[in-house]
Amino acid sequence: MHTSPVSVLPVPGLVDASPLELFDHACRSLLGRGTEFSDTVHGKIRAEVPYYADPVLAPPDLRMCVRRGVRHALEATLDPDRIVDVERFTRELGIRRAEQGRPLDEVLHAYRVAGQGVWSGIVGVVERDDFGGARHLVHVAELVWKTNDRDAVLVADAYRQVAKGLASRQGERVRLILAALLESRNEPEFTRDAAAILDLPLDGRFAVALVRATQSYGRTPEGVPEIRGIRILRHTCRQGDVLVAHLGDRPLDALASGLDAGPGLRIGISPVVQGLDSLPRARDMAGLALGTCRADGEIARLDARLPDGLLISRPDLSAELAHMVLRPLYDLDPADRDTLFDTLRIWIENGGSAAQAARHMYCHRNTVLNRLRRFEQLTGLVLSRPRDLVQLTLALDAHRLFGPTAALGTGGTGGIGGTGGTLPPPNTSTWASAH
């Protein structure tokens, strides 16, 4: 044990010592005990701060830091010029603890306990040396805690400055890794490293949601939705916000019900995929789901709209199908054409029942049957044949998604088409150019 040459014997002249003289003598006495006293403070921290008592969580340099901190504090009390050593040490400690990822609350808790340890040491010196100045201890306490508070502020300021920079760098790192996982089919080694950095299971259950603001609204909301049991990572690009959700054992319904498509927003959600290497496919499917949205404020799940997703994935073929099936209807008067469109739609929505369709349209069942026969005559389709009925259903969906331009063969399926158009899904080239 290192022992300072300063005397620790009772000093009769201090019987009526002032608070500063009392403080000075106590600090000299504690310094004279060398590492014995600082190790006592170290033990107090380990005993009273649960985080530092844990052998795994506690910083390995704790004992050394306590020794240096106590020595600097006591020496600065005796020599005000040494305050620069205290300031340097506290800043370095704040930086080190931030870089180590130690919680700031626990660091400050340890500082308060260390202050209590120093105060207990001072009281012990006064009692041992039988100073008559014990009545001045209340003033000494004020000096001790002012010093402790000053050092704690220095530590916290240095910690927060470093933590802010670390958070910014870590956030950028996460953004770039997440973008890479979403944009391409990555090598297995990269995916494994990304899983470790993002703290995500390599083979977990994931879904992707794409949130886009329409031009009238301007931007998507800040922050990440909080959904119980689901961890969500957010990536922002020109196409909107991409939300990567680790579902764990939660159903996709939990994700869909936890999202909010406010005014001017549309959200598309992919089906569940297995593994981080499936995120690019999930992102593409979320884009298809988004493309099926018919109005602002809508949340579309692709697993509930697979036929629409199929049509949007190949707008050229969808337009060709709509043109092949529905083009003859555009030779009719608009009112006549609209009546046929409404009849076909309502008849399909009611399971192919002419009676049900008639009730919805407030007409006779035979009127519905006559309109269906007229459609068959115009197009050459036979609605009792399943394959022809599938063609009609898909053609009507394409017409709804892309508008009259699809059936007329005049193009425009790549953007917002006609009255029934919708935003196009992202493709590989546009997504890649966003980064």
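The values are calculated or read from the model by the stated rules, or taken from the named source; none is laboratory data. From a predicted model like this one, the values you see are computed outputs, not experimental measurements. So basically every Cβ, Gly included, is an ideal-geometry build from the backbone, and we count neighbours across all protein chains shown.
Details
- Checking every residue in the stretch 182-194 against the condition of being touching a residue at least 24 places away in the same chain (Cβ under 8 Å), under 20 Å from GLY291 (Cβ atoms) and in contact with a Ser or Thr (Cβ under 9 Å, 6 or more places away or on another chain) gives at least one match.
- Residue match in the stretch 371-379 (condition: among the charged types (D, E, K, R), crowded, with 16+ Cβ neighbours inside 10 Å, closer than 29 Å to ASP284 by Cα and out of contact with any Phe, Trp or Tyr (no Cβ under 8 Å at 6 or more places or on another chain)): no
Yes/no per residue for (1) closer than 19 Å to HIS109 by Cα; (2) at pLDDT 85 or above:
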residue: ARG28; (1), (2): no, yes
residue: LEU31; (1), (2): no, yes
residue: VAL41; (1), (2): yes, yes
residue: LEU57; (1), (2): yes, no
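- Total residues in the stretch 349-360 satisfying the condition of being in contact with a helix residue (DSSP H, G or I) (Cβ under 6 Å, 6 or more places away or on another chain) and in a helix (DSSP H, G or I): the figure is 5.
- Residue under evaluation PRO315, criteria (1) farther than 29 Å from LEU181 by Cα; (2) in contact with a Phe, Trp or Tyr (Cβ under 8 Å, 6 or more places away or on another chain), criterion not met: (1)
- Set ARG250, ARG231: member being of a type outside the set (Asp, Glu) and assigned to a strand (DSSP E or B): ARG231
- For the stretch 106-139, the set of residues classified as at pLDDT 80 or above and among the acidic types (Asp, Glu) consists of GLU106 only.
- Test result for ASP284, in a helix (DSSP H, G or I) and within 25 Å of THR379 (Cα to Cα): no
- Residues (in contact (Cβ under 8 Å) with a residue 40 or more places away in the chain, more than 17 Å from VAL107 (Cβ to Cβ) and surrounded by fewer than 20 Cβ atoms within 10 Å (Cβ to Cβ)) located in the stretch 73-95: GLU75, LEU78
- Residue under evaluation VAL70, criteria (1) part of a helix (DSSP H, G or I); (2) surrounded by fewer than 16 Cβ atoms within 10 Å (Cβ to Cβ), criterion not met: (2)
- Test: LEU423 is surrounded by 18 or more Cβ atoms within 10 Å (Cβ to Cβ), at pLDDT below 90 and closer than 30 Å to ALA180 by Cα: yes
- Residues of the stretch 198-214 that are outside any loop (DSSP other than H, G, I, E, B) and either under 22 Å from PRO271 (Cβ atoms) or not assigned by TED's automatic domain parsing to the domain that holds HIS246 (or both): LEU198, ARG205, PHE206, ALA207, VAL208, ALA209, LEU210, VAL211, ARG212.
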